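One structure below.
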2 protein chains.
Amino acid sequence: MNQSVVPDVSPGTLEVVPLGGLGEFGMNMMAVSWGETTVLIDAGVMFPDPDQLGVDLIIPDLTYIEERRSRVKALILTHGHEDHIGAVPHVMPVFDGPVYGTAFTLALVQPKLDEHGIDAGDRLKTVKPRETVIIGPFTVEFIRVTHSMPDCVALAIETPAGTLVHTGDFKIDQTPIDGEHFDLHRFAELGSRGVLALFADSTNIDRKGFTGPEIEVIDAFEELFTSTHGKLVVATFSSSVYRMQLLVDLATQFDRKVAFVGRSMIQNAEIAQRLGFLRIPSGVQIRDTDVQSYASQDVLCLTTGSQGEPQAALPRMSIDDHRCVKLTEDDTVVFSARAIPGNEKAIARTMSHIAKRGADVVTDSMKHVHVSGHGSAEELKLVLSLVRPRYFVPIHGEYRQLSQHARVAQRVMARADVRLQVLLAEDGDILHFDQHGARIADKAPTGRVLIDLTRTGEVGDEVLRDRRHIAGDGVVVAVVAIGRNNGRLVGDPELVARGSSSARARANRSSGTRQASSPTASRRRAWKNARTRD
Amino acid sequence: MNQSVVPDVSPGTLEVVPLGGLGEFGMNMMAVSWGETTVLIDAGVMFPDPDQLGVDLIIPDLTYIEERRSRVKALILTHGHEDHIGAVPHVMPVFDGPVYGTAFTLALVQPKLDEHGIDAGDRLKTVKPRETVIIGPFTVEFIRVTHSMPDCVALAIETPAGTLVHTGDFKIDQTPIDGEHFDLHRFAELGSRGVLALFADSTNIDRKGFTGPEIEVIDAFEELFTSTHGKLVVATFSSSVYRMQLLVDLATQFDRKVAFVGRSMIQNAEIAQRLGFLRIPSGVQIRDTDVQSYASQDVLCLTTGSQGEPQAALPRMSIDDHRCVKLTEDDTVVFSARAIPGNEKAIARTMSHIAKRGADVVTDSMKHVHVSGHGSAEELKLVLSLVRPRYFVPIHGEYRQLSQHARVAQRVMARADVRLQVLLAEDGDILHFDQHGARIADKAPTGRVLIDLTRTGEVGDEVLRDRRHIAGDGVVVAVVAIGRNNGRLVGDPELVARGSSSARARANRSSGTRQASSPTASRRRAWKNARTRD
């Protein structure tokens, strides 16, 4: 891992290395190098599975960057979602250059740096769509795309080997809430001039057709504003500023006050208002602490907790444990967000608790109260058709999405003038573009670093394996003191046991439970262990 | 828990106690008592969440039954799914009477008893739809319903207080694969004669309209049989015998051999064939070990592993680790099953591995390759309309489904001659029906018993709490020997650590990972702990 000499990028070779996000959803990060200059695109986190015990966050292995520490000249951010900016506090200490992003993106980075006690000085550089910055041999242009939050950009990077286009996350919303359209024209111009390689979001390649605009949800919400006699409580992602704006506008129209509830919702609403991305007519917003002093039919709450996270506002309300907001019989609670895989059970639990308070639960399977921020197959094809690159690299997805995107791209470009070549890469693959073409040339150190924020940092594989082991069976420590001189026992041996079921199970027989053992037990156990392995 | 005197059921009172399945999906079980007679309906298991460390199965608390041990006269099974029969080996030792079920249901119970070394003697009693059995004051009639497996029944129980109807699991499939129709006529007759209480499945109350028949999937599969040039591998639940029949018929039509792959798939196919529920023309079936000796375009594999269970056949194929079946580029793998909540990530992982083999992945979001076995809102309303009971008790669901079903029922019966009363009960609620009406009269001991099959049995709350604790942080044991006489240290203290990250993280700094700590750490940790609490 700790090579003393890092191989130079060969002269005349453009090197691109995806460090995360190609093989998983999350922790998106990529390095682009020419000669003595490396720029990084995005620095995202991923959230752990339940079997990653004691792990808070996952970031990409930074070895490749650390080895090039002095050559890394800049970090460029496409937008402010956690899977694109969450690792910024971990990456900024590794290099010395600036961090480029739009105003809203950098405003979301700032509180993270504060939390980690990082003083960015003048390193955060605000850019706007259609602006360019020059970094060594690279000219980086920011291009507006539409997504589920404001101020998102794609990148066009002019390099000595040709132009790279990186889409960031996007859909093509043709009626954007803030009137800021996807810059189709710029994509078309780039395609006309010739693009070396396109790196494009693969998240929703499985979905047919067009994702549909954010504004689509307005009908369902109008109906809910009309029919709800108590509080209207809407849970959504705290970064979904367009959803906030749409709901604030409806609340104004239907004479309801708006309260933001939950730490990140309050923080992001404040940032979005300060930067002009969220406009609230005066007198409409109230504080979460004032919700209970208004008649419930006069209130809209925008809250965190759409994923059932137990410490978030909505799950607390659902068990009547929120300091400001109480749910009652006339209220309607709307889940205006998708379920992130892995959270389904926590969400179902929260919904059941809400039902126990007597409130109505509305989900996107019942009414059209959520629309994705990622383009479906037709949108992904459209970007391919516009950009018509020489090489295509699907990014942002598990291998299945990437390979599906590759297949779709080959179909789209089959009869094009330009012969498309797909590079189906994974995290750590070193892509080389030079006069002979492009290929996966080598493999960089790659992987996931599990961060335990309560401890000293990294959680290694061995530690996790031990945790899983003791988690499944508990621990028994035998303390046996043996005399130094005569080798005899000193006192009685002691057994210290935690999390071990044997003794307790026997003691509990009277409570009416069965003892069970069977030949399938070891097979089932193997199942469980294997399940936690990958 | 261990009352020495169990209160008698008051004379003239019918007592119904749901012991599982009202507040969760799974571990369905109910006790019905009159005087000195108790009958049990179903005995199901539930599968653990990933945070229930080292737990293999969950069954209902059996205290209520153990206290009535001598009065329990029979166990009646509605059908052979795990959430209805999985706990039979744990319940049979508690009482002495017979276990009633249809032929296929009991055939699926038998291997479970074998695994647990239970000799059922002559206790398993096969019944057929429209048959009745008399158990003390109860006359139990079995009524055919349609579901995702053959030989499913609802129950009509004549009691001195009136007739109870228990739907079991059902949908109304009007073109059943085996020609055995839902017995609408019997439900109508019962409704005409008058029903005291209806206990009805709530699983799909959230879905509008009609679920649709099993045969609906045939179009998508015909297309796949036509277009697939390699092996066709279909993963489905091993109990889905109708799906098996439909695919066997298509394979016959399209000249493919059929191999059943995976232990439970092979076992259930064998049972279903033996009992005549699955008919395979001679020469069509081949063994899993012979798959590789046929040309791939001549083979259909029906396999386990639709939930991404790592030890099941399909996930093993996906990582090229199955002893018989290899996946290659021309193959198509179909996920013909829903994702059970909690399994989404394991399924996505399996799909990505399959994509790496170059095989096509088809899911029910892409083609209509799966249809639910549970009735949607219109089917649930139809049963209500037919049975038009005096009392209605929604069963099988989390609280949200139950309360939603209650609401729908009130709407359906609002203008009926019979005034409907809903009893929105949960596990352990003691329902009393007598001359004064019906009510939730009391609470029985209730809960979930976590079974660790590799250990001695039960896993208590305290054990699980300890396991979670040590799982998140690891364990450090300090062994300090102190001289008995002088109170001084004997030798050096020793530290034994497993699963603790501190020491290792420091040692690993050179590998290029960041150390992280922040004021949000404790909040995040609280989140994680709370998450594992409910």
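The values are calculated or read from the model by the stated rules, or taken from the named source; none is laboratory data. This is a predicted model, so every value here is computed, not measured. A quick note on method: Cβ atoms are made from the backbone with ideal geometry, for glycine too, and the neighbour counts reach across all protein chains shown.
Structure summary
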{"read-out": "Failed criterion for B:I65 (all others in (1) within 14 Å of another protein chain (Cβ to nearest Cβ); (2) closer than 25 Å to B:R144 by Cα; (3) among the aliphatic types (A, V, I, L, M) hold)", "value": "(2)"}
{"read-out": "Qualifying positions in the range A:117-143 - in contact (Cβ under 8 Å) with a residue 40 or more places away in the chain and within 21 Å of A:S239 (Cβ to Cβ)", "value": "A:P129, A:F142, A:I143"}
{"read-out": "Selected residue [more than 25 Å from B:D151 (Cα to Cα), touching a strand residue (DSSP E or B) at 6+ places or on another chain (Cβ under 6 Å) and buried (at least 23 other Cβ atoms within 10 Å of the Cβ)] from B:V261, B:V234, B:V291, B:V299", "value": "B:V299"}
{"read-out": "Residue match in the range B:166-179 (condition: under 23 Å from the mean Cα position of the chain (by Cα), at positive phi and in the same structural domain as B:D417 (by TED's automatic domain parsing))", "value": "yes"}
{"read-out": "Residue list for the range A:85-132, restricted to those being small (G, A, S) and either within 23 Å of the chain's Cα centre (by Cα) or surrounded by 15 or more Cβ atoms within 10 Å (Cβ to Cβ) (or both)", "value": "A:G86, A:A87, A:G97, A:G101, A:A103, A:A107, A:G117, A:A120"}
{"read-out": "Residues of the range B:482-498 satisfying the condition of being assigned to a strand (DSSP E or B), closer than 30 Å to B:G472 by Cα and not β-branched (V, I, T)", "value": "B:E494, B:L495, B:A497, B:R498"}
{"read-out": "Filter pass, B:S376 being surrounded by fewer than 19 Cβ atoms within 10 Å (Cβ to Cβ), more than 11 Å from every other protein chain (Cβ to nearest Cβ) and of a type in the set (S, T, N, Q)", "value": "no"}
{"read-out": "All positions within the range B:172-225 that are surrounded by fewer than 23 Cβ atoms within 10 Å (Cβ to Cβ), in contact (Cβ under 8 Å) with a residue 60 or more places away in the chain, among the charged types (D, E, K, R) and part of a helix (DSSP H, G or I)", "value": "B:E216, B:D219, B:E223"}
{"read-out": "A:V383 being away from chain B (no Cβ under 14 Å) and touching a helix residue (DSSP H, G or I) at 6+ places or on another chain (Cβ under 9 Å)", "value": "yes"}
{"read-out": "Options A:A481, A:A516, A:A503, A:A497; residue that is more than 8 Å from every other protein chain (Cβ to nearest Cβ), at pLDDT below 75 and surrounded by 15 or more Cβ atoms within 10 Å (Cβ to Cβ)", "value": "A:A497"}
{"read-out": "Of all residues making up the range B:347-366, the number that are outside any helix (DSSP H, G or I) and within 11 Å of chain A (Cβ to nearest Cβ)", "value": "9"}
{"read-out": "Qualifying positions in the range A:288-345 - in a loop (DSSP other than H, G, I, E, B), small (G, A, S) and over 24 Å from the mean Cα position of the chain (by Cα)", "value": "A:A295"}
{"read-out": "Complete set of residues in the range A:267-283 that are in a loop (DSSP other than H, G, I, E, B), of a type in the set (A, V, I, L, M) and farther than 12 Å from A:Q245 by Cα", "value": "A:L275"}
{"read-out": "Residue in the range B:404-431 that is farthest from A:M351 (Cα to Cα), counting only those that are among the basic types (K, R) and not in a loop (DSSP other than H, G, I, E, B)", "value": "B:R411"}
{"read-out": "Selected residue [of a type outside the set (A, V, I, L, M, F, W, C) and closer than 18 Å to A:W34 by Cα] from A:E66, A:E82", "value": "A:E66"}
{"read-out": "Residues (surrounded by 22 or more Cβ atoms within 10 Å (Cβ to Cβ), more than 18 Å from B:V91 (Cβ to Cβ) and not hydroxyl-bearing (S, T, Y)) located in the range B:157-171", "value": "B:I157, B:L164, B:V165, B:D169, B:F170, B:K171"}
{"read-out": "Any hit, the range A:384-397, residues being under 25 Å from the mean Cα position of the chain (by Cα) and in a loop (DSSP other than H, G, I, E, B)", "value": "yes"}
{"read-out": "Residue list for the range B:9-48, restricted to those being part of a loop (DSSP other than H, G, I, E, B), more than 12 Å from chain A (Cβ to nearest Cβ) and in contact with a Leu (Cβ under 9 Å, 6 or more places away or on another chain)", "value": "B:M27, B:N28"}
{"read-out": "Strands (runs of 3 or more DSSP E) completely within the range A:56-157 that count 1 or more residues being over 17 Å from A:G21 (Cβ atoms)", "value": "A:72-76, A:99-101, A:124-126, A:132-135, A:138-145"}
{"read-out": "Residue count for the range B:310-334, restricted to those that are more than 18 Å from B:H229 (Cα to Cα) and buried (at least 24 other Cβ atoms within 10 Å of the Cβ)", "value": "7"}
{"read-out": "Residues of the range A:226-261 classified as within 18 Å of A:I286 (Cα to Cα) and in a loop (DSSP other than H, G, I, E, B), total", "value": "6"}
{"read-out": "Residue that is of a type in the set (D, E, K, R), within 10 Å of another protein chain (Cβ to nearest Cβ), more than 14 Å from B:T38 (Cα to Cα) and without any contact (Cβ under 8 Å) to a residue 24 or more places away in the chain, where the choices are B:D114, B:D51", "value": "B:D114"}
